[in-house]
1. All but one of (1) surrounded by fewer than 24 Cβ atoms within 10 Å (Cβ to Cβ); (2) farther than 19 Å from A:LYS157 by Cβ hold for A:SER132; state the number of the condition that does not hold.
2. Looking at (1) within 8 Å of another protein chain (Cβ to nearest Cβ); (2) within 18 Å of B:GLY139 (Cβ to Cβ); (3) in contact with a Leu (Cβ under 9 Å, 6 or more places away or on another chain); (4) surrounded by 22 or more Cβ atoms within 10 Å (Cβ to Cβ), find the lone condition where A:ASN247 falls short.
3. Which of the helices (runs of 4 or more DSSP H) found entirely inside the stretch A:229-305 contain at least 3 residues meeting this: touching a residue at least 60 places away in the same chain (Cβ under 8 Å) and within 23 Å of A:PHE199 (Cα to Cα)?
4. Pull out all pairs, ordered by first then second residue, where Cβ-Cβ is under 7 Å, the residues are six or more apart or on different chains, the first lies in the stretch A:311-340 and is more than 19 Å from A:ALA122 (Cβ to Cβ) and more than 9 Å from chain B (Cβ to nearest Cβ), and the second is of a type in the set (Gly, Ala, Ser) and loosely packed, with under 15 Cβ neighbours inside 10 Å.
5. Pick from the stretch B:71-108 the residues that are in a loop (DSSP other than H, G, I, E, B) and among the aliphatic types (A, V, I, L, M): which of them is farthest from A:ALA231 (Cα to Cα)?
6. Every residue in the stretch A:341-369 that is in a loop (DSSP other than H, G, I, E, B) and facing another protein chain (nearest Cβ under 9 Å), please.
7. Kindly evaluate A:VAL374 against the criterion of being within 13 Å of chain B (Cβ to nearest Cβ), on the phi < 0 side of the Ramachandran plot and assigned to a helix (DSSP H, G or I).
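The values are calculated or read from the model by the stated rules, or taken from the named source; none is laboratory data. What you see is a predicted model, and the numbers here were worked out from it, not measured in a lab. Don't worry about glycine lacking a Cβ; one is built from the backbone with ideal geometry, like all the others, and counts go over all protein chains shown.
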Amino acid sequence: MDATVQTIEAMERPPVTMASRLEGELLEVSMGPQHPSTHGVFRMNVALEGEIVRKLKPVFGYLHRNHEQIGEHTSYLGSMPYTDRLDYFCSMSNNWAYALSVEKLAGIEVPERAEYLRVILAELTRLQNHASLLGFLLSDMGAWGTPLMYAFREREKILDLFESLAGSRMMCDYMRFGGCRLDASDEWLARAKQIVDRFPEFLDEFEELILGNEIVIGRTQNVGKLSAELAISAGITGPMLRASGVNYDVRKVDAYGFYPRFKFRIPLGNHGDTYDRLMMRALEMRESVGILKQAFAQIQPGPIVNPKVKVRAFRPPAGEAYGRIEAPKGELGFYLISDGGPNPYRYRVRPPSFINLTVLEDLCLGHTVADVMVILGSVDIVMGEVDR
Amino acid sequence: MPLRNLEGKAAGSLDFARDDGAWMMESLDQIKSRIEAAVPGAKIEIVANGSPSQQDSLLIDNEHAVATARFLRVDPALRLDFCSNVTGVDWLDRVVKKTIKVKTVVEGVEKEVDQTTEEEIPGYLEAVYHLYSMTHKHGPVIIRMRTADRAECARLPSLTPVWRSAEFQEREIYDLYGIHFDGHPDLRRILMWDEFEDHPMRKDYVQPDDFEWEPTPHDDVLARAKHHYPPRPQMDGAEGIVEPLKR
């Protein structure tokens with residue numbers, strides 16, 4: 001038993017040095033935190049031999065504001081708008097993950113219409129996150145501006161929907177414990193349906209333009225390969241995990257919300273390289289469109305919030321709960337401990353993009369500096385969530 | 001390596017997953033007894049959770065933690081290969097009051113009397129690991145380890161050699177809670193800067209009296225400003241030619 005484990009571990013672990021500074025005859029370059037393709041304030045200390053990356057140490061914390069401690073000093077509901085600021089591209093998913101955890105902690109049921117609204121909004125979030133990720137990735141590869149603007153045109157339509165529903169484009173603060181804050185009108189649903197119905201046109205065009213592009217293929221195929229074993233051991237989740245061929249999607253595994261009611265497929269990659277990670281987003285968007293169409297057909301009028309949930313003096317019973325959802329970037333979880341008081345005793349965010357960066361060094365070793373930007377782009381990070 | 005050709009563009013070049021349902025997982029009692037059989041000397045305790053989430057956890061002893069973790073990961077029925085969430089919790093010293101009904105004989109009559117006992121529980125730091133199985137698609141199994149006390153360099157064994165995903169998260173616990181993980185390959189601060197000295201997520205953490213210079217301090221800020229910046233000393237006697245107004 002032990003012998004097999006040791007071989008797995010020997011294979012997985014890259015050479016790690018204890019020192020934070022890199023040593024040797026290599027050129028040490030600090031990439032970031034103001035580098036345009038580090039997606040915020042992310043820094044990497046890279047040791048280069050010519051153009052080849054020999055070591056890479058990520059440096060975090062430029063956006064650290066101790067979100068978890070603020071959560072422990074605020075009421076349960078008071079943290080809800082602050083979860084928007086974690087992954088500020090996907091505030092609806094963050095809201096849902098937090099609401100789901102508190103509902104587990106306090107044993108709260110959610111009415112049917114609210115569950116459908118949550119699925120609709122989470123899948124719309126996935127559409128706009130993946131579309132803009134592809135745009136940013138192309139931007140990092142040197143297709144400056146144009147693909148990003150194509151993606152942002154679609155994203156803006158979805159953000160308009162969010163604005164007309166929740167009052168804010170990005171900081172939606174929409175979900176509540178046991179439901180949602182505001183009901184969607186029939187007109188809103190009709191408008192959303194129209195946008196979703198037109199979405200595959202954009203996908204066809206975008207895939208035609210980028211996924212078959214010779215330069216994109218040259219820059220991404222066989223770059224930054226991630227094996228399935230390493231991906232599992234390093235806790236990689238989301239499209240990055242599935243690009244390595246591991247069939248694990250929290251929507252299927254945990255069957256939270258109303259996902260068991262929808263028919264959808266989980267795309268899997270064969271190679272685990274950057275191209276597969278890019279394709280994964282394109283394919284997931286098509287599946288999300290399918291889920292949305294089914295949700296629009298199934299949603300019925302009804303209450304949107306559980307009336308038994310106290311808004312003021314909300315005190316879950318003492319205990320703990322870990323709830324998780326499949327956010328666009330991976331498994332987003334909230335771990336809460338209640339001591340029976342109005343504030344959580346412990347409020348922990350499991351940030352998918354932070355943990356997905358665990359293997360950044362493994363992916364980049366042996367590739368050029370230019371590839372580092374592409375690999376980092378395909379990991380899909382948002383610093384609001386990484387640094388918390 | 002040759003590049004893949006373009007024929008199966010879009011959907012064709014990737015597979016779709018089959019729906020394979022989740023396995024049923026054993027109960028925590030069964031897991032506990034199997035760990036104790038497989039890891040000689042391991043002391044496992046089930047920590048009950050009063051919340052409706054019903055997520056009970058296993059408290060494992062620090063000495064056999066790595067062996068226990070290996071077992072959980074490798075055991076064919078469990079295969080907990082995915083360590084999702086790793087986090088710290090700080091528990092301060094607390095007094096637990098317990099009320100028990102005791103039957104005593106008062107004046108010849110048997111009565112039930114409430115007897116309150118106070119138990120002092122010394123504080124400790126805790127590391128909590130949420131484990132899932134990607135192979136069998138079950139979970140979570142929650143394991144926790146406790147330090148002996150809340151000292152500055154409280155120690156726990158690192159589980160990073162078993163699950164790589166603990167690498168950054170244990171660094172985060174070290175940074176914010178000050179638990180020193182033995183056997184971690186690269187234990188450094190991760191979110192705070194290297195020169196930072198305290199551990200901000202501890203419950204008794206006091207924020208440093210940082211003060212940012214303000215051009216026009218007033219009210220509370222003025223009081224703090226005076227504390228931080230004593231008035232400029234008279235340099236050459238030219239200051240103070242105007243007497244302050246008497247009110």
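1. (2)
2. Among (1) within 8 Å of another protein chain (Cβ to nearest Cβ); (2) within 18 Å of B:GLY139 (Cβ to Cβ); (3) in contact with a Leu (Cβ under 9 Å, 6 or more places away or on another chain); (4) surrounded by 22 or more Cβ atoms within 10 Å (Cβ to Cβ), A:ASN247 violates only (4).
3. Output list reads A:274-298.
4. A:ARG315/A:GLY340; A:ARG315/A:GLY341
5. B:LEU92
6. A:TYR345
7. No.
Residues are listed down the side, and each one gets a yes or a no for (1) at pLDDT below 85; (2) within 30 Å of A:ALA228 (Cα to Cα); (3) surrounded by fewer than 18 Cβ atoms within 10 Å (Cβ to Cβ):
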position	(1), (2), (3)
A:ARG13	yes, yes, yes
A:LEU22	yes, yes, no
A:LEU27	yes, no, yes
A:GLY32	yes, yes, no
A:VAL53	no, yes, no
A:ASN66	no, no, yes
